[in-house]
Structures are given as C-alpha cells and as structure tokens.
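Here the structure is laid out as structure tokens; the discussion comes afterwards.
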Amino acid sequence: MAELITHYIGGRFVESARRFPNISPVDGAVVGEVCEAGAGEVDLAVQAARAALQGEWGRCGPVERSDWLRRLADGIERRFDAFVEAEVRDTGRTVRQARTLDVPRAIANFRFFADLVRQAHTECFETVTADGGRALNYVVRKPLGVVVAISPWNLPVLLFSWKVAPALALGNAVVAKPSEETPSSAFLLAQVAHDIGFPAGAFNVLQGFGGQSAGQAMISHPDIDAVTFTGASATGAHIMKTVADAVKDVSFELGGKNAAIVFEDADFDAAVDGVVKSSFTNSGQVCLCSERVLVQRPIFDRFVAALKARTEALVLGRPDDPAADIGPMISRKHQAKVLSYFQLAREEGATVVTGGETPVFGDARDQGFWVRPTVWTGLPDDARCLREEIFGPVCHVAPFDTEDEAVARANDSDYGLATAIWTRDLSRAHRVSPRMRSGLVWVNTWYLRDLRTPFGGVRRSGIGREGGRHSLDFYSEITNICVKI
Ligand code: NAD
C-alpha cells in the first residue's frame, strides 16, 4: 500500500484531509500519497515555532544546538538507505547519485553547520572617545526568529538541509516545505528529528504545493521573520513582493543560464568530460548546469564531435541499473516544458547535433518522463533557447574567437549564477574569472563545493549568499553594544 506522507508540526505527525499523489518519474506510477497543508496547518506550525523559541529550544546555546545538529546527522546516517530510497523514489535519479551526492551532502550540511556554530565569533572594537576615555563595542548574534524555508525538487534533501541546518544552528525555529514533487526525504528527516527527541516546534515540515497552497500561506503568514528560498526566479520575485510590505529578510537561490567557456589551450579531454558533467548531471536539472557552451573556434568542430559521441554514450536507465548515467525529468509538466524548448530550438534555427526527442524503451518507462540528452549548435545569441532557463539535459555549443568576445557573450544573460572556464593558461584563468558576472566561477572543474565558501548568484539568479560565515550572517540578527568605560 502506498505510504502516506504527513506534516510534522510541534513535534507531532499531523495529517490533513487534502491529499495528492506522489508519482514516480520513472514510469508514472503512483508511489505514495501526500497530505497538503493549507492556511490552518501553516498557522499551527508558525505558532509551534514561535512557542519553541520561548521554550526548550530558545534556551539552547550554540554548543547544545550544535549537539542537536550532530544527532540529526547521525540519525540520517543510521537511515542512509531509507534516505537513498526516498530520493530515488521521488526523482528517478540513479541510486549511485543518491548514495554518493545527495544523502552524504545532507549529512555533511548538518555536520558542517554544527562545527561552524561552535567556532563562530563576533566583532569587538575598543574605541577611544573624545574625552580621552574608552568605550568597548561588541556584537551579539541572535536568531532571526521563525524562518520559513522553501526548497525545490531537483536536489531535494541536499537543498532542504542546506537551509534547515544553518537556520537551526543559529537558533531559529524553522517552518520548512519541500517541493510537492519530492516530499519523502523531508518527511524522513522529520522522523529522524522525532526519533532523537528534537525540541518540539523547532523544526516543522509542511507538505504541499506553492501558489494557492502551503507555500503561499507560509510566505503570507504575518508572524514569520524571514524567508529562505531556493527555486525559480519568477517564484522568488513573487515571494519578494509578498513579504515586501512587512520588510521581511529574504535569501534567494534562484535560476541560472550558465555558460561554460572552453579555450583552445584547454586540456581537451578534461574539458569534454567537464562539459558532459556540467550539462547532463541529474539530467540537467541542477541550477549550476551549463546550458550555453562557448568553444574557441580552432577546436570547435573537434569539440562538438567529441561531445556528440560522449552524449550519445550516456545511458538512460532505471535508478538501480548500475550502468545508468541519468534518469528522467521530474514530472510530466517539466518533461513537456523541456520538449517545448526542443521544438522551439528547431523553429529558432538550431542544428540538432544529437537528441531532441523522447526515447522509446518498449517497457514501463515509456509512461515516465524521459527526454534524450541533447546538443544544439547554430542558434543566434538572442534566441529564447539561449536566454531562458530550460533545466533539462541540453546545451548549445557556439564558437568564439577572442577572450573579450567570450567574456561578453557569457555575461550577456539575465542570470548570473555559475561559470565554468576551461584553460591551461594560468594568467588567462585569473584574468577572465573576475570578469564573469556570476556568483561562482569554476576553473577546470565544475560543482566542486567547499561549504565554507559563499554560494549564490547575481541578477535573476538570486539575492544574498549562503555558505560558511555568509550563512551565519543571513540566519542571525546582530546587535552592536557600545559600553562607555
Ligand atoms: P519553483 O520555484 O517552482 O518551486 C520551488 C519551491 O517553491 C517549491 O517548494 C514550490 O512548492 C514553492 N513555491 C512555488 N510557488 C510558490 C509560492 N507562490 N509561494 C511559496 N512557495 C512557492 O522551482 P522548482 O521548479 O521546484 O525548481 C527549479 C528551479 O530552482 C530552477 O529555476 C533552478 O535553477 C532553481 N534552483 C536554484 C538553485 C540555486 O542554488 N540557485 C538550486 C536549485 C534549484
């Protein structure tokens, strides 16, 4: 029988009458039933969170909170296989990816912020005053209060924990919602919290949709203090408008239309390998994926040929197939969106180097939401396919001649999240990287993360940075205290 996925409010698992199906993207089968929260459940969760700040949770200092985060990490580790299964069931990704990326990163997120908050320090200034005396200025850090955390479906437990962990580490009470497409791992995390006796109300999970559902009720609730959101840029803009009148704090990690620049002096095989990864990891459903690849003209034809061969060798397989490289799109709706860009690209004059359609398997996967990894060339820079985020396994490859041209074309985007640069020329790498209008630049690698570093984007890719001390700054309020001595 399909599992019922509920909310977790004030330390209790709470059902609601409204339900929706959890559907496997692999074959379209119903794999579970999910409760949908409305304004009533949201209000209960916000009240529970507010009460937690006044109760046991609010009295915890950084070391106790750090201990709690470590227990959460240990709890995920104990149920590692269940988390892998949850991620795979909801998304159809490979078991290998869930085992090596998603679940380990969730554990690392809790351990990282547990360690960080233990060592966090604040500023202190000794001030000489006009009368020749002295004053001492020092800063104290306090929680923001009730933090709403809303995350997307593409890396469910990784991104959910990326918000929940620092928010809790800094002493906030959290009301969190995973995407309606991926409810299972957040539900499991609530079970872990429950099992270890996490202070009631400090961590609440609501299930449901965004607009006209749980998400909208969460961001509209008058008693929340901040919203941390990862998702589409249009949703970020809507959240910003909703919280503007009450001037709530926001941190936004939004969409991308990322460029990869391959210079002629790059290590050719490493660059091809890197672009395959940066375009097709998680079937292109990563905000950091490169959808615009710029390759210096002398190696352009060879690069396109090599990329075509590597792309065609990718295995679209069931999650438990050890040979599988990538899985399906998350939903029928998202598959239709990606396929609509495949159609648009043809209308805009693209040459389809490979892919561009749905695969036919001759088994139950034909009821799932698959698309073929796709490579285009020949589009003009102003084509919609090169300006709008597609969020599927697709990239366009264009030739360029000079360094300045590559920089200008890579920066010609409404987005600014991540750029990957491939070159063996050290001076060029250092010269080009700071010129990129993006929050992240990778040189001769892609998606190599150190959790101490700032993560986030510019323009339509987001507001603020998270990671390391940047998360400390967002998830806390500081007060400067000046004492005349
Ligand atoms: P989405 O914006 O549709 O949904 C994200 C979350 O917001 C979901 O939980 C959804 O239910 C909720 N939501 C939707 N409308 C809402 C509303 N009106 N009020 C409150 N909540 C609402 O995005 P998605 O399709 O789930 O995710 C894909 C997008 O996320 C892509 O654009 C991708 O680039 C972006 N993303 C960005 C990062 C980053 O770190 N910058 C990371 C991953 C994904």
Out of (1) within 16 Å of the ligand (Cβ to nearest atom); (2) surrounded by 15 or more Cβ atoms within 10 Å (Cβ to Cβ), the one residue 453 does not meet is (2)
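Please state which one of 432, 443 is more than 16 Å from the ligand (Cβ to nearest atom), over 23 Å from the mean Cα position of the chain (by Cα) and hydrophobic (A, V, I, L, M, F, W, C). Before you say what the answer is, go through the steps one by one.
Numbers: 443 fails: over 23 Å from the mean Cα position of the chain (by Cα).
Of the residues listed, the single one that is more than 16 Å from the ligand (Cβ to nearest atom), over 23 Å from the mean Cα position of the chain (by Cα) and hydrophobic (A, V, I, L, M, F, W, C) is 432.
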In the stretch 293-310, anything surrounded by 16 or more Cβ atoms within 10 Å (Cβ to Cβ) and touching a helix residue (DSSP H, G or I) at 6+ places or on another chain (Cβ under 8 Å) is listed as 293, 294, 295, 296, 299, 303, 306, 307, 310
Taking residue 350, is it loosely packed, with under 15 Cβ neighbours inside 10 Å and farther than 25 Å from residue 457 by Cα?
no
Checked 206, 159 against criteria (within 30 Å of residue 416 (Cα to Cα) and buried (at least 24 other Cβ atoms within 10 Å of the Cβ)); the one match is 159
Flagged in the stretch 13-45 as in contact (Cβ under 8 Å) with a residue 60 or more places away in the chain and either in a strand (DSSP E or B) or not assigned by the TED database to the domain that holds residue 94 (or both), in numbering order, are 13, 20, 22, 23, 32, 34, 35
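Mind checking which strands (runs of 3 or more DSSP E) fall wholly inside the stretch 363-449 and carry at least 2 residues that are over 15 Å from residue 288 (Cα atoms)?
Working: elements: 374-377, 394-400, 418-422, 440-443.
Counting at least 2 such residues, we get 374-377, 394-400.
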All conditions in (1) without any contact (Cβ under 8 Å) to a residue 24 or more places away in the chain; (2) more than 28 Å from residue 365 (Cβ to Cβ); (3) not in a helix (DSSP H, G or I) are true of residue 251 except (1)
Pairing a residue in the stretch 257-271 that is within 23 Å of residue 287 (Cα to Cα) with any residue that is part of a strand (DSSP E or B) and small (Gly, Ala, Ser), where Cβ atoms lie under 8 Å and the two sit 6 or more apart in sequence or on different chains, gives 258/290; 258/418; 258/420; 259/290; 259/420; 260/290; 260/420; 261/420
For the stretch 386-439, the count of residues that are within 19 Å of residue 154 (Cβ to Cβ) and touching a helix residue (DSSP H, G or I) at 6+ places or on another chain (Cβ under 9 Å) equals 12
Could you check, for the stretch 187-204, whether at least one of its residues is farther than 26 Å from residue 467 by Cβ, of a type in the set (Gly, Ala, Ser) and touching a Gly at 6+ places or on another chain (Cβ under 6 Å)? yes
Filtering the stretch 298-329 for residues that are part of a helix (DSSP H, G or I) and either among the basic types (Lys, Arg) or at pLDDT below 95 (or both) leaves a count of 3
### Query
If you check residue 239 against the conditions, is it aliphatic (A, V, I, L, M), within 7 Å of the ligand (Cβ to nearest atom) and within 17 Å of the chain's Cα centre (by Cα)?
yes
For residue 240, the lone unmet condition from (1) buried (at least 24 other Cβ atoms within 10 Å of the Cβ); (2) assigned to a helix (DSSP H, G or I); (3) not aromatic (Phe, Trp, Tyr) is (1)
For the stretch 342-360, pairs from a residue that is assigned by the TED database to the domain that holds residue 316 and within 22 Å of residue 306 (Cβ to Cβ) to a residue that is part of a helix (DSSP H, G or I) and aliphatic (A, V, I, L, M), with Cβ under 7 Å and 6 or more apart or across chains, are 353/304
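Is it fair to say residue 83 is under 24 Å from residue 285 (Cβ atoms), in contact (Cβ under 8 Å) with a residue 60 or more places away in the chain and of a type in the set (Phe, Trp, Tyr)? Talk me through it step by step, then tell me what you get.
On the way: under 24 Å from residue 285 (Cβ atoms): yes; in contact (Cβ under 8 Å) with a residue 60 or more places away in the chain: yes; of a type in the set (Phe, Trp, Tyr): yes.
Spelling it out, residue 83 is indeed under 24 Å from residue 285 (Cβ atoms), in contact (Cβ under 8 Å) with a residue 60 or more places away in the chain and of a type in the set (Phe, Trp, Tyr).
Would you be able to say whether some residue in the stretch 425-436 is crowded, with 24+ Cβ neighbours inside 10 Å and closer than 13 Å to residue 256 by Cβ? Lay out the reasoning, then the answer.
Initial filter on the stretch 425-436 (crowded, with 24+ Cβ neighbours inside 10 Å): none.
Looking through the stretch 425-436, none of the residues is crowded, with 24+ Cβ neighbours inside 10 Å and closer than 13 Å to residue 256 by Cβ.
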So, first residue without any contact (Cβ under 8 Å) to a residue 40 or more places away in the chain in the stretch 194-223, second residue within 8 Å of the ligand (Cβ to nearest atom) and in a helix (DSSP H, G or I), Cβ within less than 7 Å, six or more apart or across chains; the pairs are 220/242
Taking the stretch 459-472 and the residues there that are within 11 Å of the ligand (Cβ to nearest atom) and assigned to a strand (DSSP E or B), the one that is surrounded by the fewest Cβ atoms within 10 Å (Cβ to Cβ) would be 463
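The values are calculated or read from the model by the stated rules, or taken from the named source; none is laboratory data. Source: prediction; values computed, not measured. Note that we place each Cβ from the backbone using ideal geometry, even for glycine, and neighbour counts take in every protein chain shown.
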